[in-house]
Amino acid sequence: MGADLLLTSMAAPHLEGSPTARIGDELAARVGHQRIDQFDLAAWADLDLEELALNLGIREWQDPDDPQPEQYPAAARDQLVQDVRAALHAALEAVVGYRRDVAEMQFGGRYYWITGGMSWGDTPTEAYEAIAALNWIGLFEDPIPTTE
């Protein structure tokens, strides 16, 4: 069995009315952190939160045949939301700025951050899981208002 090609991407940050204009790393980080803080993770289903936590590397994979709780106790769920939010902040810090394992490419009039490579069951780049998680929440799908 050989290696597989794994790729992931996310919308690059862009200003309202200028999807192809690049913005500075400082503005991208500031707006990204604000959006992560405002993102309503508490409204997510437990399994979706758990899967995002798994992809961010803050939870261990569990065998689906093992008994799973129908619902998390409130305190455990609140902690999971806090852990996921903190991991999203760390993921943003990890990908904003120049990285050799992330390419910026334009498709359909928008820029995207893309990473990936050959995998033998591991993640192909250090940025892979961070970009996949930030894409999952759609961090920069919406433009940054020009008033920022």
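Based on what the data block shows, is D142 closer than 16 Å to I23 by Cα and either of a type in the set (D, E, K, R) or within 12 Å of the chain's Cα centre (by Cα) (or both)? When the stated conditions are applied, D142 passes them. If you take the residues in segment 6-32 that are farther than 20 Å from A132 by Cα and in contact with a Leu (Cβ under 8 Å, 6 or more places away or on another chain), which one is surrounded by the fewest Cβ atoms within 10 Å (Cβ to Cβ)? Step by step, filter segment 6-32, then rank; the result is A21.
For segment 35-50, which positions are within 14 Å of the chain's Cα centre (by Cα) and closer than 20 Å to A94 by Cα? R35, I36, D37, F39, listed by residue number. When T123 is tested against (1) modelled with pLDDT under 90; (2) in a helix (DSSP H, G or I); (3) closer than 14 Å to T8 by Cβ, just one condition goes unmet, and that condition is (2).
Within segment 106-129, the residues that satisfy the criterion of being aliphatic (A, V, I, L, M) and in contact (Cβ under 8 Å) with a residue 40 or more places away in the chain are I114, M118. Count of segment 1-23 residues, restricted to those that are under 19 Å from the mean Cα position of the chain (by Cα) and without any contact (Cβ under 8 Å) to a residue 24 or more places away in the chain, is 0.
Looking at segment 27-36, is at least one residue more than 27 Å from D78 (Cα to Cα), hydrophobic (A, V, I, L, M, F, W, C) and at pLDDT 85 or above?
Within segment 27-36, one or more residues are more than 27 Å from D78 (Cα to Cα), hydrophobic (A, V, I, L, M, F, W, C) and at pLDDT 85 or above.
If you go through segment 89-127 and keep only what is of a type outside the set (G, A, S), more than 23 Å from P19 (Cα to Cα) and surrounded by 14 or more Cβ atoms within 10 Å (Cβ to Cβ), you end up with H89, T123, P124, T125, E126.
Yes/no per residue for (1) touching a Leu at 6+ places or on another chain (Cβ under 6 Å); (2) of a type outside the set (G, A, S):
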{"residue": "W113", "(1), (2)": "no, yes"}
{"residue": "D122", "(1), (2)": "no, yes"}
{"residue": "A127", "(1), (2)": "no, no"}
{"residue": "A130", "(1), (2)": "no, no"}
{"residue": "A133", "(1), (2)": "yes, no"}
{"residue": "I137", "(1), (2)": "no, yes"}
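Looking at R85, R77, just one residue is of a type in the set (K, R), at pLDDT 95 or above, touching a helix residue (DSSP H, G or I) at 6+ places or on another chain (Cβ under 8 Å) and surrounded by 11 or more Cβ atoms within 10 Å (Cβ to Cβ), and that residue is R85.
The values are calculated or read from the model by the stated rules, or taken from the named source; none is laboratory data. All figures in this text were calculated on a predicted structure; none of them were measured in a lab. Neighbour counts are summed over all protein chains in view; Cβ atoms, including those assigned to glycine, are modelled from backbone coordinates with ideal geometry.
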